[in-house]
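Q: Before anything else, here's the structure in question.
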Amino acid sequence: MKNIFLSVIIPCYNEEANIKKGSLEFINSFLGKKKFTWEVIVSDDGSTDLGKKIIKGKLESLKKFRLLENKHGGKPYAIYQGIRKANGRFVLFTDMDQSTPIGELDKLLPFREMNFEAIIGSRGLNRKNFPFYRRLGAVVFMAFRKALILPEVNDTQCGFKLFKKIAVEKEFPKLEFFKRDKKIVGWKVTSYDVELLHLIKKSGGKIKEVVVNWEDEDKSTSKGGSLSRYIKESKDMLREILRVKINDMKGLYE
């Protein structure tokens, strides 16, 4: 379907447990009540569990859903493949675990005609089912990132973001992530969100931050241990933010 209003892009890597709990049906039920035209693109990142097989079994009943079977390349790669296949004027990034439920889209949509290129969800620090170490890490991460880049944005890392497709289609390929010739192992996240928002801002785009509900609903255990994965991702993201700042000082985003 061409020229639709909204494309929902769900990156997917070993999400079998989250798929089994009914995330896709939940999204379908919500969007099915909307008057605008829409599609959902599940962009798989070379999963090694049974997630893809389960999704394929659901597609007959989920008429407006598509599954992209990509090679393993990391979360930004999976999202970009979804962007390339999207037909919507707007694209929404959301996660399979639905920690920010699809219903929060209603909070973002009122700003779509106000000339914002990016309308992003913000979780705040009072997050349900949020371990203390992650709560503390969020404070440190935000302070470090704000001191270097995007000081006006409180939460760059929430996985619930709405963009004008024309904006994200232009800026996403410019990410440093796609300039590296390195084999990806596991669920590679990076701070692509920070760089993407910075690129949109540098090109004159406007960003609106909207508070959304968030509660940790991730049932997947096959992406790596929770604490060990969090520590590794945090180190990687701090390095990424520093790199974005250095690139900016060098004028690479001009």
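The values are calculated or read from the model by the stated rules, or taken from the named source; none is laboratory data. None of the values given here were measured: they were computed from a predicted structure. With ideal geometry, Cβ positions are generated from the backbone for all residues, glycine too; neighbour counts draw on all protein chains shown.
Q: Step by step: first the residues of the range 2-17, then only those that are more than 16 Å from the chain's Cα centre (by Cα) and at negative phi, then the one that is surrounded by the fewest Cβ atoms within 10 Å (Cβ to Cβ). Which residue is that?
A: Among residues in the range 2-17 that are more than 16 Å from the chain's Cα centre (by Cα) and at negative phi, the one surrounded by the fewest Cβ atoms within 10 Å (Cβ to Cβ) is Lys2.
Q: Here is a further query. Taking into account only those residues within the range 231-254 that are touching a residue at least 60 places away in the same chain (Cβ under 8 Å) and hydrophobic (A, V, I, L, M, F, W, C), which is surrounded by the most Cβ atoms within 10 Å (Cβ to Cβ)?
A: Across the range 231-254, the extreme among qualifying residues is Val244.
Q: Taking the range 25-51 as the search range and keeping residues that are in contact (Cβ under 8 Å) with a residue 60 or more places away in the chain and not aromatic (Phe, Trp, Tyr), which one is farthest from Glu69 (Cα to Cα)? Step through it out loud before you land on a result.
A: Start the filter on the range 25-51 by keeping residues that are in contact (Cβ under 8 Å) with a residue 60 or more places away in the chain, which leaves 26-27, 30-31, 45, 48-49.
Now restrict to residues that are not aromatic (Phe, Trp, Tyr): 27, 31, 45, 48-49.
Values: Ile27: 20, Leu31: 23, Asp45: 7, Thr48: 12, Asp49: 13 Å.
Filtering first and then ranking leaves Leu31.
Q: Give me a count of the residues in the range 1-42 that are closer than 14 Å to Gly88 by Cβ and in contact with a strand residue (DSSP E or B) (Cβ under 9 Å, 6 or more places away or on another chain).
A: Taking the range 1-42 and keeping what is closer than 14 Å to Gly88 by Cβ, we get 1-10, 31, 34, 36-41.
Add one more test, that the residue is in contact with a strand residue (DSSP E or B) (Cβ under 9 Å, 6 or more places away or on another chain), and what stays is 1, 3-10, 31, 34, 36-41.
Total meeting the criteria: 17.
Q: Being within 17 Å of the chain's Cα centre (by Cα) and polar (S, T, N, Q) is the filter; apply it to the range 48-94 and report the residue that is surrounded by the fewest Cβ atoms within 10 Å (Cβ to Cβ).
A: Going through the qualifying residues, I end up with Asn70.
Q: Output the residues belonging to the range 39-61 that are more than 20 Å from Ser220 (Cβ to Cβ) and of a type in the set (A, V, I, L, M, F, W, C).
A: Residues of the range 39-61 more than 20 Å from Ser220 (Cβ to Cβ): 39, 59-61.
The one that is more than 20 Å from Ser220 (Cβ to Cβ) and of a type in the set (A, V, I, L, M, F, W, C): Leu59.
Q: Has the range 74-97 got any residue that is on the phi > 0 side of the Ramachandran plot and either of a type in the set (Asp, Glu) or at pLDDT 95 or above (or both)? Let's see the steps before the verdict.
A: Step one: of the range 74-97, the residues on the phi > 0 side of the Ramachandran plot are 74.
Of the ones still in play, those that are also either of a type in the set (Asp, Glu) or at pLDDT 95 or above (or both) are none.
So far as the range 74-97 goes, no, none of its residues is on the phi > 0 side of the Ramachandran plot and either of a type in the set (Asp, Glu) or at pLDDT 95 or above (or both).
Q: Of the conditions (1) on the phi > 0 side of the Ramachandran plot; (2) in a helix (DSSP H, G or I), Leu109 satisfies every one except a single condition; which number is it?
A: (1)
Q: A further question follows. Restricting to the range 123-147, give me the number of residues that are modelled with pLDDT of 75 or more and either among the aromatic types (Phe, Trp, Tyr) or surrounded by 18 or more Cβ atoms within 10 Å (Cβ to Cβ) (or both).
A: Total meeting the criteria: 5.
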